[in-house]
Every structure is written in structure tokens, then in C-alpha cells.
Amino acid sequence: MPMLKIPHNEKKLLFRLSAGDPGAFRTVFETYWDHVYGAALALVKSPAVAEDIAQDIFTQLWERRANLPGIQNFKAYLYTLAKNRILDRFRHLSTQQQYRKHIYNYMNECDTERVDELAEARDIQRILENAIQSLPPQQQRAFKLSRFNGLNHDEIAQAMGVSKVTIKSYIVQAISTLRKVLAKQPVPFWLPLFLLQKFL
């Protein structure tokens, strides 16, 4: 793995990130993505799984950003997050499969002609659409291109005129925001988890 180029003002950068600065998050994302992905790949030996884990880690990093100023060795902290995320992934694999089965069954049920189920499906769709509309413009566009247009990260980057890594950071932040918004809404308990698994 190539040597990681750590910014000279890393402490200041982490402080800005802890305050919720999106620009600082993108800088951290672009600086450390290869390191986190490489560490995950070395442990799981699967590029697709390693990418999922890396994006999970950056989602956690954004959600737990308030703790960052106290981190003394950020590189070691990221590696620990990766290792713990991998262990957690395998530990809860059977549970995740049960979630997917529940989601699949629920979606099938919502395709029936019963009025109450259709009404609930419409309510969920409305809540989700409102949550997406609350996102910042760039995050919203990246998320929609991924979810509704089915574009991959390279295609979205080309469409928006930014780097692939920046697109990943937009989607990570969008998912983090949506999970928090949806957690406060009367939606099925699995919907925030479904969003995370679907788009990362």
C-alpha cells in the first residue's frame, strides 16, 4: 500500500469535521479513502465487500464526528473502525439476511390491492421523498442519480463534473442524513437499514 499523505493540519481538519464542515469531510474522504479501502481489502479479499465496508466506515465517521478532536492517531483509529466493522458484518450476517427477507416480503405485501397497505406504501413514499428533498443540492442530485437513474459512481461523477471520490462522499453524507430524518418518522423500522444497504 502506498504511503499515506497526511495533511500537515490534520488536527485542524478533524476539528472542522467535528463541527460538521462538509468541505472538511470531503477532504478527509479523499485523503483516506484508499487507506481505508486497502485495509478492508486486505482483510476480506473482496473488492466489492471492501468498498461497502469502506463507505460504512465513512458513514460512521460522519455520524460520530463530534468525537474526532480527541483522536490522537487518526490512521490507527480508521484501521480499528475497519476491523470492527468487518467483525460486526460477519457476526450479524444471518440477522442482515433476515432483514432482507423481511423487506422483500413487505414490498410484496404492498403490491396487493388492499387499500390500507397501499395507503401505507404511499405514506412511506411521501416521507422518503420529503427526506430526500431536505438534502443539500449536490447530495440530493448524487443520491437521485444513484437511486432513481441507476447510475454508478463513475457515471454520476461525469454527469456532475466532480471526482468519483467526491460522489462517494456526497452519498455517504446523504445516507447519514436520511437515516437520522427517517428515524424520527413513523416508517417501518427496517427502512433506514434498507437505505444503507441499498446505496452504499
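How do 170, 32 rank when sorted from fewest to most other Cβ atoms within 10 Å of their own Cβ?
32, 170
Could you tell me the extents of segment 26-65's C-alpha atoms along the three principal axes, largest first, rounded to whole Å?
Answer, in whole Å and largest first: 28, 17, 12 Å.
Packing-wise, with mean Cβ within 10 Å as the measure, how do 11-21, 129-139 rank, highest first?
Taking the mean over residues of other Cβ atoms within 10 Å, the ranking is 11-21, 129-139.
A short reminder: the numbers here are calculations on the coordinates, not readings from a lab. These numbers come from a predicted model, not from an experiment. Note that we place each Cβ from the backbone using ideal geometry, even for glycine, and neighbour counts take in every protein chain shown.
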